[in-house]
Each structure stands twice: as structure tokens, then as C-alpha cells.
Amino acid sequence: MTAARRPVYLDYMASTPLDEQVRVAMRRWLEPDAVGNPHSVHHGAGWRAAEAVEQARAQVAALIGARPGEIVFTSGATEANNLALRGPIGRRHIITSAIEHPSILDGLPVLERDGVAVTRLPVDPDGRVTPDDFGVAIDERPTLVSIMAANNETGVIQPLEEIAAVRGAHDTLLHTDATQILTTRRLDVNALGLDLLSLSGHKLYGPMGIGALFARDGLDLQPLLYGGAQQHGLRPGTLPVALCVGLGEACRIAAERAAHDESRIQPLREHLFAGLKRTFPDVRRNGTPQHALAGCLNVTLPGIDAAAMLLELPELALSTGSACASGKPGPSHVLLAMGHSPQTAHSSVRFGLGRHTSRSDIDFAVARFASWWAQARH
Ligand code: PMP
């Protein structure tokens, strides 16, 4: 076994490391002479900053087949999701799923208090919304549908194409939270007929603190924040040039690498599962491999307190579930929706593999689990 980096980072769903090319592209805008507000229209420093921002906007658009004018920079996917849900004028009924990220789910009670009807679709034991359930719900003529492209805890890919096909003739807006999928899968807003899509820099080997919302041209949205006229007043505030440039470069690289990364990482995920199975023969996989992100493996180790176990494995950086939910006590809402009991949910671990994960990282992790178990079971 060649030496693996320590700690071995297996939490790519929580955040991805900054790509070296992204860092280089951003550095130019972090130098002392990189002065200039991209919204200053009367001098060259402002124009140059604006040019960099617009190039980045075009790179983000190109990743998802959108037009640059359809991209709104935000502080991350949390803000993009909030804007997608609250922005559309005249919303009366929203259909979403029980397994969405908290940046979708936790805002729903506020909308309900404002008189918006909300349908939360269940998922099947494999963690997927079924097109049949969706077909029944869409007959209620919702104004907005929001279904994530892939889940951040299980890596389960949702049947977005089928959902888009069922939505077909209905006059309803379609939003997807694509935060987790874009590093290993391409997604085209026009092919899917999407009206809104959220993404985040730090899940794409880009910087933290920036994301984007795709909003189809002509869509009538109201802002969450009020301020200047930046980004047509839809998202006022001075744009952070270095972060925009970083997100743009990260999107450019993702477009180039997604297929390659998916085919390299997927066998590592299977190698990991096979290794875990040798130590824990009754390990249960949450979600099926055919419908999972290449880099995500969520498993239940029956009888084991996963959080306590991870504290005893400091050489491994991995999580029991979502970092966004880690401040909340209680079992994962995603696993409960898939039919888990609170006990089995608490026995679950999420592995996130990515661009820099090597086979020796996986071998090291498997060996650490084996030696931990050899000690723990006595
Ligand atoms: N949606 C999903 C599916 C996510 O995984 C995350 C991050 N955990 C978010 C939204 C929020 O993204 P951000 O950290 O950019 O606010």
C-alpha cells in the first residue's frame, strides 16, 4: 500500500478542495493592484473587473447550457435555493420532496404561513421520488416544482428526466438543486426544460461563499434583498470579483472533467463498499449504485453508533451525514424518509470521494475501519 495523505479526506459532499487552476485564476484578483468595483462604469479598473465577472458568468452558463444573462450570482446554493422558492411572483402551490436540503425544506413553513400550499413528496426505499407520485401531485396544478438533482447525504440521483417529461404539458415552473451533481454529471437546462437551477462554488472545487441561480430568461422574480441595481436589482450588492472568477473557472473545469472523474471515481466507491463488507458483512447500502453519484456512498453499520465511531477515527475526515444538519439533534430526515428507524439512521456513515481520492486512500480507510472494529467488538 502506498502512503495515503493523512487525514484521508472523504467528505467531498460537504466541501471540495479548491482546484489549483481555480486558485491561480482567483489570485490575480486578490493582488493589491486588482482594485476596481465591477459596477464602476466610468474607468478602466471597473471595466476590467466587470469583464472578469461577465466572463465568469458565461462560464457558469456554459456548464448547464444556459445563456449568461440567465445566471444570477449568489452567496451560495442556500441563497440560490431561497431565491428560487421565494422569487417567483404569484406562487400558490409548491411541490417538493421530503429529502431536500434544509435550504429548501426549512423555509417552507414560512411560505405556508403566507398561504402557499406545499406538497412534500415521499421517496421510495432507494431514496427516489417516483414519477407516479409526481404525476398524481402535478395534477393539482402547482405553480412551482423543486426536486433536487442528487441528494447530499445519500448521493441518490433523482429521476429528473422522468419528472421533466411528466411536467411537460403543465404550466408549472421547474427548479432543481444541482449542487451535488455537476462535478460528475453534465446537466442541460434546455434538454430538461428547467426554469431554475441552483449551484454552489465549494461543491465544484471552487471557492466557498459563492454560488449561482439559473433563472430562465423572462421569468418574473422578486429579489430577496433590496439595494443597488446590480444584477438587474434581482440580487443587489457588489459582486466579489475573485469569487466570481473562481466559480467560473471551476465550472469550466467541471464541464471538461465530469465524465472522466465519474468513470475514475465510481470504481473506487465500489472498492470501498467491497472493503467495508469484508469487515462488516451486514453493512447495508443506502440507495442503489445505479442511481448514485459516483463519489457518494452512504452505508448503515447495524448496531454501531456512527458518530462515536468517527470520533475514534481521527485519521479519516468523514461524516455521518450532512454538515448543514450537524447542528440539529436527531436522525437524518433523508434516511427516515427512506424508511430507516432513528437507530439505523444513527448507525449510518456518508463517504464522499472526489477528484483527489486515490485507491490507497480507500485501502487506508478500509484498513482503519477493520482495525477499529477488531478492537471495538471486544
Ligand atoms: N443544496 C445541497 C444539495 C447541498 O449539499 C448544499 C450544501 N451542503 C446546499 C444546498 C447549500 O450550499 P451552500 O453551502 O453553497 O449554501
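The values are calculated or read from the model by the stated rules, or taken from the named source; none is laboratory data. Model, not experiment: these values are computed from the prediction. Cβ sites come from the backbone with ideal geometry, for glycine too, and all protein chains shown count toward neighbours. Quick note on the areas: whole protein, heavy atoms, side chains included, nothing else; ligands and nucleic acids left out. Shrake-Rupley method; radii C 1.70, N 1.55, O 1.52, S 1.80 Å.
Values for this structure:
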{"quantity": "Integer Hz, Karplus 6.51/-1.76/1.60 couplings in order for region 364-378, x for Gly and Pro", "calculated": "5, 4, 4, 5, 5, 4, 5, 6, 4, 5, 4, 7, 5, 7, 8"}
{"quantity": "Sequence-distant residues sharing a close amide H with ASN298 (under 5 Å, placed H)", "calculated": "ASN286, PHE351"}
{"quantity": "Accessible area in the full protein assembly, largest first, 1.4 Å probe, for ARG185, ARG92", "calculated": "ARG92, ARG185"}
{"quantity": "In Å, descending, principal axis extents of the Cα set of region 7-89", "calculated": "45, 45, 22"}
{"quantity": "Computed P(r) (all Cα pairs; the chain; 10 Å bins; percent)", "calculated": "5, 24, 31, 24, 13, 3, 0, 0"}
{"quantity": "Whole-percent carbon and sulfur share, accessible surface of the chain, 1.4 Å", "calculated": "54 percent"}
{"quantity": "Accessible area, probe 1.4 Å, largest first, for residues HIS42, HIS340, HIS170", "calculated": "HIS42, HIS170, HIS340"}
{"quantity": "Candidates LEU310, LEU30, LEU173: whichever shows maximal mean-square fluctuation once the chain is modelled as a Gaussian network with Cα springs under 10 Å", "calculated": "LEU30"}
{"quantity": "Cα-centred dipole magnitude for the chain, charges only on beta-carbon of K, R (+1) and D, E (-1), debye, nearest 20", "calculated": "720 debye"}
{"quantity": "Heavy-atom accessible area per residue - the chain, 1.4 Å, Å²", "calculated": "42 Å²"}
{"quantity": "5 angstrom amide H check on GLY211, placed H, neighbours 5+ away", "calculated": "THR74, SER75, GLY76, GLY201"}
{"quantity": "GNM result for the chain, Cα springs below 10 Å: residue of VAL123, VAL166, VAL349 fluctuating most strongly", "calculated": "VAL166"}
{"quantity": "Prolate/oblate/rounded label for region 157-258 (Cα gyration tensor, a/c 1.5)", "calculated": "oblate"}
{"quantity": "Scattering profile of region 239-321 at q = 0.20, 0.25 Å⁻¹ [log10 I(q)/I(0), Debye over alpha-carbon scatterers]", "calculated": "-0.99, -1.23"}
{"quantity": "Degrees between helix 44-63 axis and first principal axis of the chain (Cα, 0 to 90, nearest 10)", "calculated": "50 degrees"}
{"quantity": "Max mean-square fluctuation residue, GNM over the chain, Cα-Cα springs under 10 Å, options ALA58, ALA117, ALA242", "calculated": "ALA117"}
{"quantity": "Cleavage-rule hits (GluC sites (Glu not before Pro)) in region 77-181: DSSP loop, at most 12 neighbouring Cβ within 10 angstrom", "calculated": "GLU140"}
